[in-house]
Amino acid sequence: MLTTTVNIRPLGPVLFTTSPRAKHLSVTIKPDRTIRVAIPKGVSLTTARKFLQSKIPWAKKHLDRLKRLQQDCPQTNLPAINKTKARTLLTMRLNYLARKYGFTYNTLFIRNQRTRWGSCSSGNNISLNMNLVRLPQELRDYVILHELVHTKHKNHSRRFWAEMDKLVGDSKRLRKEMRDDRMGVV
């Protein structure tokens, strides 16, 4: 991975990282207000900078939200999560929802991820973020069901979202809540 820091007005320093795992250009903002642009192999820094320019209003909005959150809650030190308890709780819930709705999966991994709430591999291995235990049950179930539906539909097609709506009701609202209020990636 190659990382270059560029000062971008009005955002300040931005990390541009060429990543072999990146499939498309993306911008992420960490809770410490670090801005990172992931650049796929073969995409130039010039193209990445133009991409970021188009995302400046979005980035400013999220930086402002982070600033407000930090002012409202200056101490954001959350208690540590007991990984064993998180594994037990998430495994039980995944198994319950899989049985209830007729899904099967291969292997479950519980990880402490920074950018994803969950994922499902092509071999139906499900990975869940242990931080899901911090979310309300409705949002936790949304993420788990999202990954279970991926065992049948490998992309976010209309059929995928139709199945999600059938299972959780208004998946669009829950997805928005995960993105807006929790700043997670689903």
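Figures for the structure shown
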{"item": "Selection from segment 10-32 of residues that are farther than 16 Å from THR115 by Cβ and assigned to a strand (DSSP E or B)", "result": "GLY12, PRO13, VAL14, PHE16, THR18"}
{"item": "Scope segment 107-130; condition of a type in the set (S, T, N, Q), under 16 Å from ARG87 (Cα atoms) and at pLDDT 90 or above; matching residues", "result": "THR107, SER119, ASN125, SER127, ASN129"}
{"item": "Qualifying strands (runs of 3 or more DSSP E) (wholly inside segment 33-137; at least 1 residues being touching a residue at least 60 places away in the same chain (Cβ under 8 Å) and closer than 30 Å to THR18 by Cα)", "result": "118-120"}
{"item": "Meets criteria (not assigned by TED's automatic domain parsing to the domain that holds PRO31 and not in a helix (DSSP H, G or I)) for ARG140", "result": "no"}
{"item": "Single unsatisfied condition, LEU148 versus (1) in a helix (DSSP H, G or I); (2) under 27 Å from HIS62 (Cβ atoms)", "result": "(2)"}
{"item": "Unique match (being charged (D, E, K, R) and buried (at least 19 other Cβ atoms within 10 Å of the Cβ)) among GLU147, GLU138", "result": "GLU147"}
{"item": "Matching residues, segment 29-48, being at pLDDT below 85 and of a type outside the set (A, V, I, L, M)", "result": "LYS30, PRO31, ASP32, ARG33, THR34"}
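The values are calculated or read from the model by the stated rules, or taken from the named source; none is laboratory data. What you see is a predicted model; the values in this text were computed from it and never measured. Backbone-built Cβ (ideal geometry, glycine too); neighbour counts: all protein chains shown.
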